[in-house]
Amino acid sequence: MKDAHEHLDKLMQELRRGTITIGVLSQLSEPQYGYSLVTMLGENGVHVEPGTLYPLLRRLEKQGLLESKWDINEARPRKYYLLSKTGKEVYDLLVVEWKSIVTSLNHVIEDKGDDIDGDG
């Protein structure tokens with residue numbers, strides 16, 4: 001039988017899958033390359049593996065949310081990503097939705113907590 005940690009790990013993977021996109025988009029108002037994104041997100045507590053990030057970047061670019069440009073002036077060529085006009089609009093809408101979801105869930109969680117304490 002699974003213990004709570006095994007359930008938590010699986011549920012956290014599902015939760016993170018949906019939220020990493022918002023985290024990535026939030027960092028692309030200025031051009032960034034993959035490794036810089038991994039580092040910036042990690043410094044802000046959003047840990048994403050390169051094996052998760054690069055397919056996401058390619059998918060977002062294919063969907064028209066990102067633009068990319070190769071910089072071949074460095075010793076190692078790097079592909080830089082930036083929000084497209086549509087990507088910026090989608091990101092702004094996602095932030096509104098995210099804040100609404102957080103507010104709703106906080107309300108539900110806090111109400112549930114009151115019931116447990118016998119106050120509700």
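The values are calculated or read from the model by the stated rules, or taken from the named source; none is laboratory data. Here the structure is a predicted model, which is why all the values come from computation and not from measurement. Glycine gets a Cβ as well: all are built from the backbone with ideal geometry, and neighbour counts include every protein chain shown. Areas reflect the complete protein model, heavy atoms only, side chains present, ligands, DNA and RNA absent. Shrake-Rupley method; radii C 1.70, N 1.55, O 1.52, S 1.80 Å.
With a/c under 1.5 counting as rounded, go ahead and sort the chain into rounded, prolate or oblate using the C-alpha gyration tensor (a ≥ b ≥ c being the square roots of the eigenvalues; past the cut-off, prolate if a/b is larger than b/c, else oblate). It comes out prolate by the Cα gyration axes.
A cut-off of 5 Å between modelled amide H atoms, ignoring neighbours fewer than 5 places along the same chain, links Leu66 with Glu61, Ser84. Write down the Kirkwood hydrodynamic radius of the range 2-50, to one decimal in angstroms, obtained as one divided by the mean of 1/r over all alpha carbon pairs. For the range 2-50, inverting the mean 1/r across all distinct Cα pairs yields 11.9 Å. The charge dipole of the chain, taken about the Cα centre with unit charges on the Cβ atoms of Lys, Arg (+1) and Asp, Glu (-1), comes to about 1000 debye, rounded to the nearest 20.
In the elastic network of the chain, a GNM with C-alpha springs shorter than 10 Å, the most mobile of Ile109, Ile22, Ile101 is Ile109. Helix 85-117 and the long axis of the chain differ in direction by around 20°, with both axes built from C-alpha atoms. A helix-only calculation puts the chain at -22500 deg cm²/dmol for mean residue ellipticity at 222 nm, using -39500 (n - 2.57) for each DSSP H run of at least four residues, averaged over all residues. Note on the chain: with neighbouring protein chains present and a 1.4 Å probe, carbon and sulfur make up 55 percent of its accessible heavy-atom surface. For Lys62, the lysines whose Cα falls under 25 Å of its own Cα, not counting residues fewer than eight places away in the same chain, are Lys79, Lys85, Lys88.
Projecting label points 7 angstrom from Cα along Cα→Cβ for Leu93 and Leu8 puts them 3.6 nm apart.
Gain on full extension, evaluated as 0.36 nm per residue between Glu30 and Arg76 minus their Cα-Cα distance, stands at 14.6 nm. Ordering Leu105, Tyr81, Trp70 by Cα displacement along the dipole of the range 25-109 toward the positive end leaves Trp70 in first place; charges were set at the Cβ atoms of Lys, Arg (+1) and Asp, Glu (-1).
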